[in-house]
Amino acid sequence: MTLKTTLIDVAALAALPASDVLIVDCRVDLVDRAQGERSYLAGHVPGAVFADLERDLSDMSRVPAGLGRHPLPTAAAFSAVLGRWGWVPGLQVVCYDTGPGALAAARLWWLLRLAGVREVAVLDGGFAAWQAAGQPLETAAHRRTSTAVALAWDARQVIVDHAALHAAPAPLLLDARAAARYRGDVEPLDRAAGHVPGARNRPYLDNLCADGHFKPPAQLREEFAAVLGDTAPDRVVHMCGSGVTACYNLLAMEHAGLHGSRLYAPSWSGWVSDPSRPVATG
């Protein structure tokens, strides 16, 4: 089997033997926090386990520390989650969420890469594509034999310190929020509207075709080049509202062959937790 490291399509996932893959359902609704698990129990890709954005892919106890609305879990906590799912080194992981405009699958993809795992891919088109293809569903919660996992974060892959954004040479910040939020026209979630001074905007939905699948790598390379100019990919740092949807821009760049960009995990919600930090609009 050829291991997948960015995206996988429905046909390729359906062809994988159950023993060769760990499938993770990452569906989430930020308004109704229980909806993701209800959707999972109503029907999911056979063999999939469920990942809760706030319980499994974040550490909500760290929100008061100014680390954003979805602070990163510790490496030990994330290792425990992987152990509960029965992950072992070398096992292909496939994560999915609802489909176009969804949130958390790329977050899990990035967390695994942060821990040095490369055999992880996001289902292109998400659960919507799986259903549209007429693939089977399972309703019972899937249980896998637990394993012992002890991973560590690769500190080179994440910026957690706000001050590090101003290191020399300064990275190029790429904000994945919708243009209206980036400009500061609206702000439905955080203390202040606008963006980090100097950040550029690449709404994460711009990575998708009209059918909800990712654009081809060549098209993504061209579009990112228009935003990044002559900035090398490894000088790019992604952000969004809370460090979740920004992972889709990171995933898109990797899929396009633009390797080495990183994530500013606290993102906008972490930046504006300190009223003394500057805010740009327009």
**Q.** Within a Gaussian network of the chain (alpha carbon springs, distance under 10 Å), most fluctuating of 31, 21, 158
**A.** 31
Q) Considering only protein heavy atoms, what per residue accessible area in square angstrom results for the chain with a 1.4 angstrom probe? A) 41
(Q) Helix-only estimate, please: 222 nm mean residue ellipticity of the chain, summing -39500 (n - 2.57) across DSSP H runs of length 4 or more and dividing by its residues, to the nearest 500. (A) -7000 deg cm²/dmol
Q) Taking Cα pairs under 8 Å and at least six residues apart, what relative contact order does segment 54-116 come out at, in percent? A) 26
Q | Selected from 250, 82, 103 as most flexible by GNM, with the chain as the system and alpha-carbon contacts under 10 Å | A | 82
Q: Quickly work out the residue 230-to-residue 180 label distance, labels modelled 7 Å from Cα along the C-beta direction, and quote it in nm with one decimal.
A: 3.7
Q) When the chain is modelled as a GNM with alpha-carbon springs shorter than 10 Å, which of 268, 110, 85 fluctuates the most? A) 85
Q.
From the convex hull of the Cα coordinates of segment 37-174, what is the mean projected area in square nanometres?
A. 9.7
(Q) What number results when the radius of gyration of the chain, computed over Cα atoms, is divided by 2.2 N^0.38 Å? (A) 0.96
Q) Hey, what's the Cα Rg ratio for segment 124-282 versus the globular rule of thumb, 2.2 N^0.38 Å? A) 1.18
(Q) Given a 1.4 angstrom probe, I'd like the percentage of the accessible area of the chain that is carbon and sulfur, rounded to a whole number. (A) 56
Q) Between residue 143 and residue 9, what is the FRET efficiency for a Förster distance of 25 Å, r being their Cβ-Cβ separation, to the nearest 0.05? A) 0.40
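The values are calculated or read from the model by the stated rules, or taken from the named source; none is laboratory data. What you see is a predicted model, and the numbers here were worked out from it, not measured in a lab. We place every Cβ from the backbone using ideal geometry, glycine too, and count neighbours over all the protein chains shown. All accessible areas refer to the heavy atoms of the entire protein, side chains included, with ligands and DNA or RNA removed. Shrake-Rupley method; radii C 1.70, N 1.55, O 1.52, S 1.80 Å.
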